[in-house]
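Remarks on the structure that follows.
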Amino acid sequence: MKEIKPQQMSRNVFDAIGKDWMLVAAEADGRANAMTASWGGMGVLWNKCVAFVFIRPQRFTKTLIDKADTLSLSFFADDERAMLTYMGRTSGRDEDKLAKQNLTYSTVDGAPIFDRAKMTLVCRKLYRQTLTKDGFFDQTVFTQNYPNGDLHDVYVVEIEKVLVGE
Ligand SMILES: Cc1cc2nc3c(=O)[nH]c(=O)nc-3n(C[C@H](O)[C@H](O)[C@H](O)COP(=O)(O)O)c2cc1C
């Protein structure tokens, strides 16, 4: 693993997140978990390189994110699609998904770093807020995405380390 600057990332962020998906992972109380995410982004805010992710309230990973100071965003090779699909359909509340998918990891700054990931962003939480119905200018976006009222929490996180496989 070597560390690069966020500005040196070569992947197109729309493809990396929206098309190829990522794992959002956190560790708290001696337990690590991860979930697949395909919504989110990266950019600049408060003069910092940041990422933002949107997590629904029922995700087990959210309980860990809320307790931890850091989280990781991990990107994998194309042949990991089955693993990412599994991590996006099963809950860590019901089983140890990491063990099941053989996702061995180490911990960097309190966040899980998966051995198999091609690129990992170690991120520190800066901000969290729950989306509100009133906030939507286009109410069809609200009705299409939140028929059960489970609005996402948005987390803005500072990208503190970008680790890439050698
Ligand atoms: C392709 C894909 C993308 C997903 N993107 C998100 C997302 O951005 N936010 C979210 O809250 N859930 C998302 N999910 C759903 C979670 O990954 C899923 O509910 C997962 O089982 C939660 O696991 P957990 O309970 O162990 O945290 C996505 C699922 C898939 C398959």
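Considered as a group, the residues in the range 68-80 that are touching a residue at least 24 places away in the same chain (Cβ under 8 Å) and more than 13 Å from Tyr155 (Cα to Cα) include one that is surrounded by the fewest Cβ atoms within 10 Å (Cβ to Cβ), and that residue is Asp78.
When Lys19, Lys5, Lys48 are screened for being more than 24 Å from Ala99 (Cβ to Cβ), of a type outside the set (A, V, I, L, M, F, W, C) and surrounded by 14 or more Cβ atoms within 10 Å (Cβ to Cβ), only Lys48 passes.
Residue by residue, here is whether (1) within 16 Å of the ligand (Cβ to nearest atom); (2) touching a strand residue (DSSP E or B) at 6+ places or on another chain (Cβ under 9 Å) holds:
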| site | (1), (2) |
| --- | --- |
| Arg11 | no, yes |
| Lys19 | yes, no |
| Ala26 | yes, yes |
| Ala34 | yes, yes |
| Trp39 | yes, yes |
| Trp46 | no, yes |
| Leu64 | yes, yes |
| Ala68 | yes, yes |
| Ser74 | yes, yes |
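Within the bounds of the range 21-37, is there any residue that is within 20 Å of Val164 (Cα to Cα), more than 13 Å from the chain's Cα centre (by Cα) and free of Cβ contacts under 8 Å to residues at least 40 places away in the same chain? Within the range 21-37, none of the residues are within 20 Å of Val164 (Cα to Cα), more than 13 Å from the chain's Cα centre (by Cα) and free of Cβ contacts under 8 Å to residues at least 40 places away in the same chain.
Check the range 93-107 and report whether any residue there is within 21 Å of Leu131 (Cα to Cα) and touching an Asp or Glu at 6+ places or on another chain (Cβ under 9 Å).
Within the range 93-107, not a single residue is within 21 Å of Leu131 (Cα to Cα) and touching an Asp or Glu at 6+ places or on another chain (Cβ under 9 Å).
Every residue in the range 38-63 that is assigned to a strand (DSSP E or B) and more than 11 Å from the chain's Cα centre (by Cα), please. Spell out the reasoning first.
Initially, the range 38-63 is screened for residues assigned to a strand (DSSP E or B), giving 40-45, 48-55.
The answer is Met42, Gly43, Val44, Leu45, Lys48, Cys49, Val50.
Residue pairs whose Cβ atoms lie under 9 Å apart, separated by 6 or more positions or on different chains, with the first residue in the range 120-148 and closer than 22 Å to Ala16 by Cβ and the second of a type in the set (Asp, Glu) and exposed (fewer than 11 other Cβ atoms within 10 Å of the Cβ), do not occur. Please go through the range 94-153 and give me each residue that is under 19 Å from the mean Cα position of the chain (by Cα), loosely packed, with under 14 Cβ neighbours inside 10 Å and among the aliphatic types (A, V, I, L, M), ordered by number. Hit for the range 94-153 is Ala99, nothing else.
FYI, it's all coordinate maths here, none of it is from the lab. Treat the numbers as computed from the prediction; the structure is a model and nothing was measured. Neighbour counts run over all protein chains shown; Cβ positions are idealised from the backbone, glycine included.
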